[in-house]
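The values are calculated or read from the model by the stated rules, or taken from the named source; none is laboratory data. Quantities reported herein were computed from a predicted structural model and do not represent experimental measurements. A quick note on method: Cβ atoms are made from the backbone with ideal geometry, for glycine too, and the neighbour counts reach across all protein chains shown. Ligands, DNA and RNA are stripped out before the accessible areas are found, and what is left, the full protein with its side chains, is counted by its heavy atoms. Shrake-Rupley method; radii C 1.70, N 1.55, O 1.52, S 1.80 Å.
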Amino acid sequence: MIRNPKDLARYDAHERANHWLVGICFILLALSGLAFFHPAFYPLTQLFGGGVWARILHPYIGVIMAVAFIVMFFRFRALNVMTPADKEWLSRAGEMMNGDDHNMPEQGKYNGGQKAMFWVMALSVLLLFVSGIFLWRAYFSLPVDVVRLGAVVHAAIAAIMIAMIFVHVYAALWVRGTVRAMVYGTVTRAWAKQHHRAWYRQVTGKS
């Protein structure tokens, strides 16, 4: 892809690698987790070399994702603090869904929807990690009632996260130019000015 020198840098290589590591780990966890959740999905274990290997690899991949997400969390948490403009954006999100985002409140690097997802994802990853520890019988021997509670929480939060990731991917594809930011690290000035005008002014010094 030929890059326009006027494009704006949105993510550096480390940020993109961090994002894709979390994303790939989550896909692997979702596939192996679904295989454990219902017999209809059990053939998915063949992607990991069979049921035994899927059970061995699942928790280790989970630890890798949790560590990678912690890095992402501390990297981006300051940019995801909710503001009154974000709350207004969320209250008017229906307008954007109808294709009219020209009158939406000005947003910084992230809009209210992205910020809300960031915090829900942070809580979800924490709950998945803790409940996953409850289920990791190879290293932790906990009371059966605790293990059962962990299984319920783990499955419920995993279902929520899978749904959220679908929304995340759909939104990225729906808003043209968004995927490019996480692949190449840049966005066009027109994209930034339309979707994140406050951030556009911050990085360009223009209105």
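Once region 47-64 is narrowed to residues that are aromatic (Phe, Trp, Tyr) and loosely packed, with under 15 Cβ neighbours inside 10 Å, the residue that is farthest from Val130 (Cα to Cα) is Trp53. Within region 25-46, the set of residues being surrounded by 15 or more Cβ atoms within 10 Å (Cβ to Cβ) and aliphatic (A, V, I, L, M) comprises Leu28, Leu29, Ala30, Leu31, Leu34, Ala35, Leu44. Given the options Val81, Val67, Val22, name the one that is within 30 Å of Gly112 (Cβ to Cβ) and open to solvent by less than 30 Å² (accessible area, probe 1.4 Å). From the options Val81, Val67, Val22, the qualifying one is Val22. Put simply, of Lys193, Lys206, Lys115 the only residue that is charged (D, E, K, R), more than 30 Å from Val52 (Cβ to Cβ) and open to solvent by less than 30 Å² (accessible area, probe 1.4 Å) is Lys115. Among the residues of region 34-86, those identified as in contact (Cβ under 8 Å) with a residue 24 or more places away in the chain and among the small types (Gly, Ala, Ser) are Gly62, Ala66, Ala68, Ala85.
Among residues of region 1-21 that are over 11 Å from Ala181 (Cα atoms) and of a type in the set (A, V, I, L, M, F, W, C), those with a Cβ under 8 angstrom from a residue that is in a helix (DSSP H, G or I) and at pLDDT below 95, sequence gap 6+ or separate chain, pair up as Met1/Tyr184; Trp20/Met182.
When region 118-139 is filtered for residues that are loosely packed, with under 13 Cβ neighbours inside 10 Å and of a type in the set (A, V, I, L, M, F, W, C), the ones remaining, listed by number, are Leu123, Ala138.
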